[in-house]
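Written out below as structure tokens is the structure these notes cover.
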Amino acid sequence: MIYQGTCHCGAIQFEVEAPDEVEVENCNCSICNMTGFLHLIVPQRSFRLISGEDNITTYTFNTGVAKHTFCKTCGIKPFYIPRSNPDGVDVNLRCLTTQPKSVKILNFDGQNWEANAHTVAHKSL
């Protein structure tokens, strides 16, 4: 399935290819806990930015590996490059305009990231 996604104001538009039944992570790390991001990690080949590249700003912290991308206008983070899968894209399920038929939400202990990152490393393959 091809899903359309956007930030709140619509300046950033993208599409992502994913199954109609997906598994996403609800992470408890500091940034995800505050933003409510639901992680749909896909290979880079399954993601396409349609518009808004000039409206994206990037934030990094800690190791600097994750590239957190936000809309300069509305501040929403619709996707980013995750530290766990730097070869993939992590899409916020809540930013998809259509939702998969079935969504299984798994809790992910991002507060103890080093001990748990291996459990999602396969998702960008």
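The values are calculated or read from the model by the stated rules, or taken from the named source; none is laboratory data. Because the structure is predicted, anything quoted here is derived from the model rather than measured. Here the Cβ positions follow ideal geometry from the backbone for every residue, glycine too, while neighbour counts run over all protein chains shown.
Miscellaneous remarks
- Sole exception among (1) touching a residue at least 12 places away in the same chain (Cβ under 8 Å); (2) farther than 22 Å from Met1 by Cα for Glu23, by number: (2)
- Of the criteria (1) in contact (Cβ under 8 Å) with a residue 12 or more places away in the chain; (2) farther than 21 Å from Glu114 by Cα, which one Asp54 fails: (1)
- Whether a residue is touching a Cys at 6+ places or on another chain (Cβ under 9 Å) and either in contact (Cβ under 8 Å) with a residue 12 or more places away in the chain or more than 21 Å from Leu125 (Cβ to Cβ) (or both) was assessed, and Gly36 does not pass this test.
- Within the range 83-95, one or more residues are over 16 Å from Gln4 (Cα atoms) and touching a strand residue (DSSP E or B) at 6+ places or on another chain (Cβ under 6 Å).
- Scanning the range 1-35 for residues that are under 23 Å from Glu114 (Cβ atoms) and part of a loop (DSSP other than H, G, I, E, B) returns Asn28, Cys29.
- One residue from Ala117, Ala66 being more than 18 Å from Ile2 (Cβ to Cβ) and either touching a Lys or Arg at 6+ places or on another chain (Cβ under 6 Å) or not aliphatic (A, V, I, L, M) (or both): Ala66
- Taking the criterion of being modelled with pLDDT of 90 or more, more than 18 Å from Cys32 (Cα to Cα) and assigned to a loop (DSSP other than H, G, I, E, B), the residues of the range 81-125 that qualify are Asp87, Thr97, Thr98, Gln99, Pro100, Lys101.
- Boolean, Ala115 is of a type in the set (Gly, Ala, Ser), exposed (fewer than 12 other Cβ atoms within 10 Å of the Cβ) and free of Cβ contacts under 8 Å to residues at least 24 places away in the same chain: yes
- Screening the range 37-56 for residues that are outside any helix (DSSP H, G or I) and touching a helix residue (DSSP H, G or I) at 6+ places or on another chain (Cβ under 8 Å) and picking the one that is surrounded by the fewest Cβ atoms within 10 Å (Cβ to Cβ) gives Pro43.
- Selection within the range 60-80 - outside any strand (DSSP E or B) and among the charged types (D, E, K, R): Lys72, Lys77
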